[in-house]
Amino acid sequence: MIQIDALPAFTDNYLWLLQDTAKRHCAVVDPGDAAPVLAWLEAHPGWQLTDILVTHHHNDHVGGVAKLKQVTGAQVYGPATENIPARDIALDDNARIEVMGLEMAVFAVPGHTLGHIAYYQASLGLLFSGDTLFAAGCGRLFEGTPAQMHQSLSRFEALPDATLVYCAHEYTLSNLRFAQAVEPDNQDIAQRMQDAQALRAKNIPTVPSNIALEKRTNPFLRVNETSVKQKVDERDPGASASGVGVFTTLRAWKDKF
């Protein structure tokens, strides 16, 4: 049986810990800090960290990798085109890996960074999206183009609705405030805001999300919706002529929101 827990780090990062409860093996996604993982291992004697999965090179995702590998001997997977510390296995688009008995597909999803990858596990419906797709939002474009990010998000949008989205940050409330500005009459967004506020009041993560919920409430996955296109044209007349145009205007708006 596979169990997944969030290990909070820094101010708003989540390190995702996958646990094989039968073998007492675990894997971690994007350990920007080694300390939460080492603390978990210390609190769970007999468990072994076997795998480290990295989505991109930013320090809040890789800062703990070298220390964890040194202490545990875990195998490190990461994008082939980025500088990932202590990486053992370099991954390109459509690669397949096996982690704790689960086959995972690798998606190249440039935008936030040029070499960003995501990990998708089909049988359980799990997506580790790093900083590409967030709950009700998407990552900033530090290296890639709007067209690249739009294509990357479209790839996620095509996944089954029930797919669980494990993103790397607790940005949901701020993302939903923007979503409400884009679609003030969207009742799904209003309900999601209520639900997220209730969770955060109890210090409970608002993630994982799922693809169906993102398609109803995430403006960056709703670029073809009439209400979104109308709002975009108010800010940038003619931008709604293409999905990329809508995305570009939305992302520029969110950057200053």
Cα pair distances in the chain, grouped into 10 Å bins until the bin that holds the longest one, percent each: 7, 31, 35, 19, 6, 1, 0
Per-residue [θ]222 nm for the chain (sum of -39500 (n - 2.57) over DSSP H runs n ≥ 4, rounded to 500): -10000 deg cm²/dmol
Euclidean distance between Cα centres, segment 4-40 to segment 172-202, Å: 27 Å
Electrostatic dipole magnitude of segment 44-179 [Cβ: Lys, Arg +1; Asp, Glu -1; Cα centre; debye, to 20]: 220 debye
The chain: antiparallel DSSP beta bridges as a percent of all, rounded to 5: 65 percent
Dipole in debye (nearest 20) - the chain, about Cα centre, beta carbon charges: Lys, Arg +1; Asp, Glu -1: 280 debye
Within segment 153-257, trypsin sites (Lys or Arg not before Pro) in DSSP loop having at most 11 other beta-carbon neighbours inside 10 Å: Lys202, Lys256
Cα-centred dipole magnitude for segment 180-257, charges only on beta-carbon of K, R (+1) and D, E (-1), debye, nearest 20: 260 debye
Dipole axis of the chain (+1 Lys, Arg; -1 Asp, Glu on Cβ), positive-most option in Ala66, Pro208, Leu17: Pro208
GNM result for the chain, Cα springs below 10 Å: residue of Gly101, Gly245, Gly73 fluctuating most strongly: Gly101
Members of Lys229/Lys256; Lys202/Lys256; Lys231/Lys254; Lys202/Lys254 lying beyond 21 Å, as alpha-carbon distances in this model show: Lys202/Lys256; Lys202/Lys254
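Coordinate-derived values only; no laboratory data. These numbers were taken from a predicted model, which means no experiment stands behind them. For neighbour counting, all protein chains shown are included, and Cβ atoms are generated from backbone atoms with ideal geometry for every residue, glycine included.
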